[in-house]
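Student: Quick one: the structure is below, questions incoming.
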Amino acid sequence: SFGVAVYPTEAARIDDLIKLADGAMYQAKRQRPPAASALGSQRLLAGDRAARIVGELVPLLAHGGSLDDKLGLVAHHLSVGAGYDAVNFDVFDEGTANVRDENVTLGTNVFLDAPKEDLDRWRQEQRTVFNHPVADILERTQRPVIMDDLVHDERLTAGQRDLLSAVGIQSGIAVPLLWQGELIGIMSVGSKAGAAFGPRDAQFLMEVAVHVSAIIRMERLVAHLQMATARLAGARDDTVIMLAASGEAHDETTGTHLQRVRLLTDALAREMGYSVGDAERLSVAAVLHDVGK
């Protein structure tokens with residue numbers, strides 16, 4: 001098998017070009033007849049190579065940006081580095097006790113060389129699927145599910161089978177994303193060859209899933225912290241307004257007056273070149289202009 005990558009249309013750096021060519025070579029190896037493909041998979045993910053790929057994923061997960069950005073980087077790296085034809089992440093809505101509930105898929109990040117309309121249809125299908133047999137199996141067993149013939153696998157929806165057939169994905173493996181025993185998402189990998197996945201793939205992808213689950217959990221903790229901070233800021237502002245209002249309790253127009261002072265101060269500060277945050281802080285402070293009363 002051999003792989004080709006083209007400069008500069010596919011990569012601008014030599015090391016990126018080598019990685020792309022390397023990934024293309026392994027993709028070609030995967031597309032051999034099933035028996036040879038399975039053997040190629042064993043060689044691909046054996047020992048040091050699998051460990052190196054997992055090690056390269058850690059800094060990607062610590063990369064700045066949104067969760068979607070990070071999952072997109074991981075999906076691309078798995079596709080190029082491990083030779084997978086398709087990589088998909090489905091992240092479930094937090095607080096959903098059962099993954100079989102309707103509309104639990106919060107976000108879908110897919111990496112696949114396919115027309116944009118097919119990718120959009122796949123994302124839409126994933127967002128509307130509920131009561132899914134594969135999710136049920138992953139939640140119950142907390143182990144990967146290997147599917148040798150996706151087009152005829154009754155555990156997938158008719159829409160999923162049609163879309164996978166259209167883009168040529170024949171076999172796949174679904175891996176649970178777990179946090180403290182709870183299923184928080186699914187990582188799915190596909191191949192254009194039939195029966196292309198074996199135990200080595202399952203072991204390798206479970207290692208990847210540990211890191212992906214950790215970053216999903218971390219992103220959620222950060223989101224909770226930001227919401228709590230916003231609530232505290234709102235409570236602080238309310239307290240300042242109440243204090244200012246108590247100083248002007250004799251004035252029937254206190255409420256509207258204080259709000260006008262706040263809005264005018266914010267507008268003036270922005271006009272003078274203050275940042276949004278500084279302008280907001282000045283506007284809160286301005287309502288205390290008569291606190292001496």
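Student: Of the conditions (1) of a type outside the set (S, T, N, Q); (2) surrounded by 10 or more Cβ atoms within 10 Å (Cβ to Cβ); (3) farther than 30 Å from I186 by Cβ; (4) modelled with pLDDT of 75 or more, I216 satisfies every one except a single condition; which number is it?
Tutor: Result: I216 fails condition (3) only.
Student: From the residues in region 266-276 that are open to solvent by 90 Å² or more (accessible area, probe 1.4 Å) and part of a loop (DSSP other than H, G, I, E, B), which one is farthest from M242 (Cα to Cα)?
Tutor: Out of the qualifying residues, it is M272.
Student: Sticking with this structure for a sec: With the checklist (1) surrounded by 17 or more Cβ atoms within 10 Å (Cβ to Cβ); (2) under 30 Å from H257 (Cα atoms) in hand, flag the one item M227 doesn't pass.
Tutor: (1)
Student: Shifting gears a bit: Can you go through A202, A279, A244 and tell me which one is surrounded by 14 or more Cβ atoms within 10 Å (Cβ to Cβ) and touching a Pro at 6+ places or on another chain (Cβ under 8 Å)?
Tutor: The conditions single out A202.
Student: Check A214, A235, A174, A193 and return the single one that is of a type in the set (G, A, S) and free of Cβ contacts under 8 Å to residues at least 40 places away in the same chain.
Tutor: It is A235.
Student: To continue, here is another question. Testing V145 on (1) over 22 Å from S213 (Cβ atoms); (2) modelled with pLDDT of 85 or more, one condition comes back false. Which one is that?
Tutor: (1)
Student: Is it true that some residue in region 104-124 is touching a helix residue (DSSP H, G or I) at 6+ places or on another chain (Cβ under 9 Å), modelled with pLDDT of 75 or more, of a type outside the set (G, A, S) and open to solvent by less than 60 Å² (accessible area, probe 1.4 Å)?
Tutor: no
The values are calculated or read from the model by the stated rules, or taken from the named source; none is laboratory data. Please read these numbers as outputs of a predicted model, since none were measured by experiment. Every residue, glycine as well, gets a Cβ built from its backbone with ideal geometry; the counts of neighbours run over all protein chains shown. These area figures cover heavy atoms from the full protein model, side chains too; ligands, DNA and RNA do not enter into them. Shrake-Rupley method; radii C 1.70, N 1.55, O 1.52, S 1.80 Å.
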